[in-house]
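Peer 1: Provided herewith is a single structure, encoded as structure tokens, for subsequent inquiry.
The values are calculated or read from the model by the stated rules, or taken from the named source; none is laboratory data. Worth saying up front: this structure is predicted, and the values here are computed from it rather than measured. Cβ atoms come from the backbone with ideal geometry, glycine included; neighbour counts cover every protein chain shown. Ligands, DNA and RNA are excluded from the accessible area calculation, which covers all protein heavy atoms including side chains. Shrake-Rupley method; radii C 1.70, N 1.55, O 1.52, S 1.80 Å.
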Amino acid sequence: MPNTVVVGAQWGDEAKGKVVDYLAQQADVVVRYGGGANAGHTVSAGNEVYKLHLVPSGILHEHVTCVIADGVVVDPRLLAEEIQGLRHRGLPLNNLRISSRAHLIMPYHIVLDQLEETKRGASAIGTTARGIGPAYADKASRVGIRMQDLIDDRRRDRILGAAVDAKNEVLTRLYGADALDTGTVIKEYTAYANVLREYVCDTAPIVAAAAANDRGVVFEGAQGTLLDLNIGTYPYVTSSHPIAGGACLGTGIGPRAIDRVIGVAKCYTTRVGAGVFPTELLNPTGDHIRERGQEYGTTTGRPRRCGWLDAVVLRYAVMHNSLDALALGHLDVLSGLSTVNVAIGYNVGNRYVETLPSDLNSGETVEPVYEELSGWSEEITGVTRYDDLPSTCRVFVNRIQELSGVPIWSVSVGPGREQMIQRTDGS
Ligand code: GDP
Ligand code: IMO
Ligand code: MG
């Protein structure tokens, strides 16, 4: 099993959780490498549906070591709840490891996330309100608190106390908000320390050893390429590095240990939160996709913005992630449409482009240029062989392969593991 990065090729929610769960069947280690509880990764196994936020999507496989790596910002309250919830459902979680270097989301990060959004007014990002931006900002400012600080009984009270006192100055003086009670925060976080302690260790050697011995490591991306802090649709992005390169930011490996990068994409596009979305459909077709695809956020329940597939975005994802292949999903959602569109380029002002402009927020109009293909009327959720898909559906898949420039490794026709179909036609 090659060491594989699974990365979102669009704006998140592409079904990375499902692809990771599928690959985990063959893997020894699954590593979540970035983001925090802003992620919501759905894994369906039989009649059971798991919505994971911090715990890696390999967790249903008892033979897999699941690592929350250094680049993740961990909300101890949400992680403790997630662990308890999964245990309640019968998962032992003996195989979970949390990096001692992972930074913590503190209560003030969540308050600040909301205050900053309010201050942005009409330019609000539409964050998940999980404290992600403020936590990564503190990490970069070198005032973050790490998992190893949380579980250290000698230092915890002092470190947490100093941090809450410092942030209370910001909350009260800058925003006129209420101060947090330092003692309450320390007490609450001490309880989380006691739940999480048994899972915390230096995770890098575990990942390094597995990767070096060809035991099969899956690096689970969160968010998506277009939400990357560097190359996403800034400032309407998250504060981490969801792209494949993020998988070697402190997980225990360097880029040469990665054998394969699989981009996950829907056969249409969705986005949650604000920011440019050239192929968005604010019409009944967009509503049709939202309802058929049940496109409501896994983390916040917000309706996702829906639109046609965008090959400009896919090519951009191929470039920034060195994608070897795409796992293309949600083909079942487009059943019943007489025609389906794919954007092949944009008219930006008076120019035609086929690559993503670096400044999509300049105020120039961005009009997608579409190629129209025939749709298919058949319900396809029960199809198990690629060749049994309607011919127009296969033409659509082949065209996406041509336009993106990488092979379509798998297609999927529903949320279940068994609804992921490997290509069998040799393409
Ligand atoms: P992630 O954040 O990339 O892991 O994706 P999410 O879990 O947030 O969103 C993907 C949603 O699509 C989940 O509800 C999945 O159960 C569902 N899903 C995955 N693959 C398919 C598919 O092929 N068809 C349909 N209809 N739903 C799918
Ligand atoms: P998964 O891993 C979709 C979006 C938010 C917002 C922006 C910034 O499930 O694909 P943040 O809370 O990170 O500061 O919000 O990023 N966003 C996601 N959208 N899927 C996600 O994760 C996302 N994580 C963050 O909606 O627009
Ligand atoms: Mg999601």
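Peer 1: Check the straight Cα-Cα distances from residue 139 and name the lysines below 21 Å, setting aside those fewer than 8 residues away within the same chain.
Peer 2: Counting by Cα, and skipping residues close in sequence, residue 139 has these lysines nearby: 167.
Peer 1: Quick one: Cα centre-to-centre distance for the stretch 119-152 and the stretch 310-374, in angstrom?
Peer 2: Here the two parts' Cα centres lie 31 Å apart.
Peer 1: So, with a 1.4 angstrom probe, what is the percent of accessible area on the chain that is carbon and sulfur?
Peer 2: Roughly 49 percent of what the probe reaches on the chain is carbon or sulfur.
Peer 1: Let me ask another. Counting only heavy atoms of the protein chains, get the accessible area per residue of the stretch 105-198 (1.4 Å probe) and round it to a whole Å² value. Could the numbers behind the result be given before it?
Peer 2: Numbers: 4900 Å² over 94 residues.
Here the per-residue accessible area is 52 Å².
Peer 1: Identify all lysines with a Cα-Cα distance to residue 51 below 21 Å; exclude those on the same chain that are fewer than 8 residues away in sequence.
Peer 2: Partners within reach: 16, 18, 266.
Peer 1: Right, another one. Using only the Cα atoms of the chain, each taken as one equal point scatterer with no solvent, compute I(q) by the Debye sum, divide by I(0), and report log10 of the ratio at q = 0.11 Å⁻¹.
Peer 2: Once normalised to I(0) and log-transformed, intensities are -0.82.
Peer 1: Additional query: Residue-wise, which Karplus ³J(HN,Hα) couplings in Hz belong to the stretch 89-95, taking 6.51 cos²θ - 1.76 cosθ + 1.60, θ = phi - 60°, and x for glycine or proline?
Peer 2: Per-residue couplings from phi come out as 8, x, 8, x, 6, 4, 9 Hz.
Peer 1: Given N residues in the stretch 105-198, what is its alpha carbon radius of gyration divided by 2.2 N^0.38 Å?
Peer 2: 1.12
Peer 1: Going by average Cβ neighbours within 10 Å, how do the peptides 51-64, 378-391, 91-104 rank, with the highest at the top?
Peer 2: Going by the mean number of other Cβ atoms within 10 Å, highest first, we get 51-64, 91-104, 378-391.
Peer 1: Using only alpha carbon pairs under 8 Å that are at least six residues apart, calculate the relative contact order of the chain and give it in whole percent.
Peer 2: Rounded, it is 20 percent for the chain.
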